[in-house]
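Since the structure comes first, as structure tokens, the remarks are kept for the end.
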């Protein structure tokens, strides 16, 4: 039931774009995205809810396709500060309005942005 | 700076020791969590407290004992740990409603010798 992230790792030059995917074998009602820099706490980026919405945060945006049971995180014109490991998280119960905070995280995608 | 504060930052303990990890938040959040993270792995949920009551225990061994003295504080009492329990222990808090984001502390790096 752990969501599957791809790719496992990606190396970019500053200014390049990247896409990180998160898919589930179970019905998805929401997807959380977090970024964790080495030696630091995971930091919340955004939540996507059922309905196929898209969200944006600076040059980082995400989409949620409930039919495909998949969410994608888009990083545009990457900056050095984007480096870190990106985790998607889905509610373990898989239900709308299910248990709060009972997230199961994907294995993560390590993003490295080089000058 | 994170608004969830964890102490200590580092802890080394023997298998016969008893120690405690502490977590504090002052955001008025009603849910608090303990996660365990091994190197190069995602965080794994251990416990959830909602309104100061234990609501989820992810089949964690009894050598880990959580405590929530009030809505701002969360402790994790450790006793008779094994070397494989060495990990980063992350505390998090949220508003406690469905899909509210998690705010993580910087964690306690625990080494069991």
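The values are calculated or read from the model by the stated rules, or taken from the named source; none is laboratory data. Being a predicted model, the structure only gives us computed values, none of them experimental. Cβ sites come from the backbone with ideal geometry, for glycine too, and all protein chains shown count toward neighbours.
Could you go through the range B:51-74 and let me know if any residue there is closer than 23 Å to residue A:32 by Cα, out of contact with any helix residue (DSSP H, G or I) (no Cβ under 8 Å at 6 or more places or on another chain) and part of a loop (DSSP other than H, G, I, E, B).
Yes, the range B:51-74 contains a residue that is closer than 23 Å to residue A:32 by Cα, out of contact with any helix residue (DSSP H, G or I) (no Cβ under 8 Å at 6 or more places or on another chain) and part of a loop (DSSP other than H, G, I, E, B).
I want to confirm something. Restricting to the range A:92-115 and keeping residues that are farther than 15 Å from residue B:31 by Cα and at pLDDT below 85, which single residue is farthest from the other protein chains (Cβ to nearest Cβ)?
Checked the range A:92-115; the qualifying residue farthest from the other protein chains (Cβ to nearest Cβ) is A:94.
Could you please find all residues in the range B:40-74 being closer than 23 Å to residue B:86 by Cβ, in contact (Cβ under 8 Å) with a residue 40 or more places away in the chain and either at the interface with another protein chain (Cβ under 9 Å from one of its Cβ atoms) or surrounded by fewer than 18 Cβ atoms within 10 Å (Cβ to Cβ) (or both)?
Residue satisfying the conditions is B:43 alone.
Only one of (1) in contact (Cβ under 8 Å) with a residue 40 or more places away in the chain; (2) over 15 Å from the mean Cα position of the chain (by Cα); (3) under 30 Å from residue B:5 (Cα atoms) is not met by residue A:41, so which one is it?
(1)
How many residues are farther than 19 Å from residue A:31 by Cβ, more than 7 Å from chain A (Cβ to nearest Cβ) and within 11 Å of the chain's Cα centre (by Cα) if we restrict to the range B:85-101?
Of the residues in that region, 4 qualify.
Of the residues that make up the range A:54-76, is at least one within 14 Å of chain B (Cβ to nearest Cβ), part of a strand (DSSP E or B) and surrounded by fewer than 19 Cβ atoms within 10 Å (Cβ to Cβ)?
Yes, that holds for at least one residue.
Criterion first (part of a loop (DSSP other than H, G, I, E, B) and out of contact with any helix residue (DSSP H, G or I) (no Cβ under 8 Å at 6 or more places or on another chain)) does residue A:1 satisfy it?
yes
It is to be established whether one or more residues within the range A:37-49 are within 8 Å of chain B (Cβ to nearest Cβ), part of a loop (DSSP other than H, G, I, E, B) and either modelled with pLDDT under 85 or crowded, with 17+ Cβ neighbours inside 10 Å (or both).
The answer is yes; a qualifying residue exists.
Could you grab me the full set of residues in the range B:87-97 that are buried (at least 18 other Cβ atoms within 10 Å of the Cβ) and not in a strand (DSSP E or B)?
Selection gives B:96 alone.
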